[in-house]
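Note sheet for the following structure.
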Amino acid sequence: MATTPLTVTPDPRTERRTAAWVAFVICVALLFDGYDLVIYGTVLPGLLEDPSQIGAVDAATAGLLGSWALAGVLLGSLVCGAIGDYFGRRRLVLLGIAWFSVGMFVTALTTSVTAFGTMRFVTGLGLGIVLASAGATMAEFAPAGRRQFYNAIVYSGIPAGGVFASIMGILLLSDIGWRGLFMLGALPLVILLPIAWFKLPESPRWLFSRGRHDEALAASARTGVSLTEELTPAAAAAKTDPAPARTGFAAVFSRQFALASILLGLMSFSGLLLTYGLNTWLPKIMEGYGYGRQYALFFPLALNLGAVLGGLVLSRFADRRGPQRVIATTFVLATLTLALMTFEFPLPLLFTFIALAGVGTLGTQVLIYGFQSNYYPTSARAAGVAWCASVGRFGGILGPIIGGWLAAAGIGGGMAFYIFGAVALVGAIVTVVVPRQRGGATTSSATTPQLSAPARGFAPSDS
């Protein structure tokens, strides 16, 4: 451990300003993850009907194409988890933004089913890097006592991207076509990436966990991020156990976290199966209930609006009462509302149930991301989030495939809603049995070491 005096009285105003910039960058990056998710479902009916676009696409092929991007996200998340706790947060976020932006632009230029599916996979690699880095990054900049809320802001970018995709589809699909809508997904390359380069700092907590203590203290002074949680346990460990602590996947599957990691992964599996299954197939399912194309694009809009608003409101309860109870409750809400959607209700009431289903599915996944991000310590956070996201992506891959199988078999929307509702109920049960945290990511010390480092203005562009 460095002999430099251990630190700095944090500046709450600087910390809040830093957290706001970090949340903005990551939220906008994840907005385009959500955009990519929903824009495919938005353009899917046109691809099914017009083989001149990329070739003949039937329902089963459409489900597979919807899953190719998720397979890329799965691989990108796993790679990010393997290197994220060694390589750093900032570099991976910047790489992921550039990667998926270029991928979406090239996807818009494809002219065959094979090329389209390949580029969906390539784009997914970049999205997986961003997704796995996002929670770990925000968890290390969010002020204590508001971590669930900041994570909800960040991960609400995903359903907000769904809202954006639905609105763009409603307004622009007939004018710019599906290719133009995919080209909009490249905007982060020219708009967000320059902002992120200057405003997204490297995490002081990650620097400290890598033994770069002087850099960590300097970054703490610049960003206002307190190292209290790291310093006291680290000092005690240095005296009693000179061996280095486990990091990355070794820590995720250690005796302390192995069972929790499996259950947290299953939570994401349930949440993302619901998220991707409904966003891909909800317009088509509702067409089966007699709602024409003029209504179809409004259903994902209601689903994602409910998720954004519900996730933000419920995150405040999660900060006060703990996320587990809230997540289990919202999973049950999804089960009930999905079952109710099989009945014939007036259109305003149906949209209300769809919005509540959004709270219980996409909104639940927003809370799950925050729960997972704060469950692990800094040395295992990127790997833990990546593991959970990767297991979740298996659910995300399965969701569109299930919808495709049901559509190909001519099975009605009611059965689809019952299947998705059963998945939500399983998610609630899994959530309840996750072990309570013991120390780990949220541990704080009653005694704060006095720190000394020069105070500086906010200049977060650490490289």
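Residues that are surrounded by fewer than 24 Cβ atoms within 10 Å (Cβ to Cβ) and either free of Cβ contacts under 8 Å to residues at least 40 places away in the same chain or not small (Gly, Ala, Ser) (or both) within the stretch 398-422 comprise Leu398, Ile401, Ile402, Trp405, Leu406, Ala409, Gly410, Ile411, Met415, Phe417, Tyr418, Ile419, listed in sequence order.
Per the conditions (1) modelled with pLDDT of 85 or more; (2) in contact with a helix residue (DSSP H, G or I) (Cβ under 7 Å, 6 or more places away or on another chain); (3) part of a helix (DSSP H, G or I), the sole criterion not satisfied by Leu74 is (1). Could you tell me whether the stretch 23-40 includes any residue that is farther than 27 Å from Leu305 by Cα, out of contact with any Asp or Glu (no Cβ under 9 Å at 6 or more places or on another chain) and either assigned to a loop (DSSP other than H, G, I, E, B) or at pLDDT 85 or above (or both)? No, every residue in the stretch 23-40 fails to be farther than 27 Å from Leu305 by Cα, out of contact with any Asp or Glu (no Cβ under 9 Å at 6 or more places or on another chain) and either assigned to a loop (DSSP other than H, G, I, E, B) or at pLDDT 85 or above (or both).
For Phe116, the requirement of being within 21 Å of Pro45 (Cα to Cα) and aromatic (Phe, Trp, Tyr) is met. Selection within the stretch 90-118: residues that are farther than 14 Å from Gly128 by Cβ and aromatic (Phe, Trp, Tyr). The member of this set that is surrounded by the fewest Cβ atoms within 10 Å (Cβ to Cβ) is Phe105.
Are any of the residues in the stretch 236-253 closer than 26 Å to Pro143 by Cα, modelled with pLDDT under 85 and crowded, with 24+ Cβ neighbours inside 10 Å? Scanning the stretch 236-253 turns up at least one residue that is closer than 26 Å to Pro143 by Cα, modelled with pLDDT under 85 and crowded, with 24+ Cβ neighbours inside 10 Å.
The values are calculated or read from the model by the stated rules, or taken from the named source; none is laboratory data. Here the structure is a predicted model, which is why all the values come from computation and not from measurement. All Cβ positions, glycine included, derive from the backbone under ideal geometry; neighbour counts span all protein chains shown.
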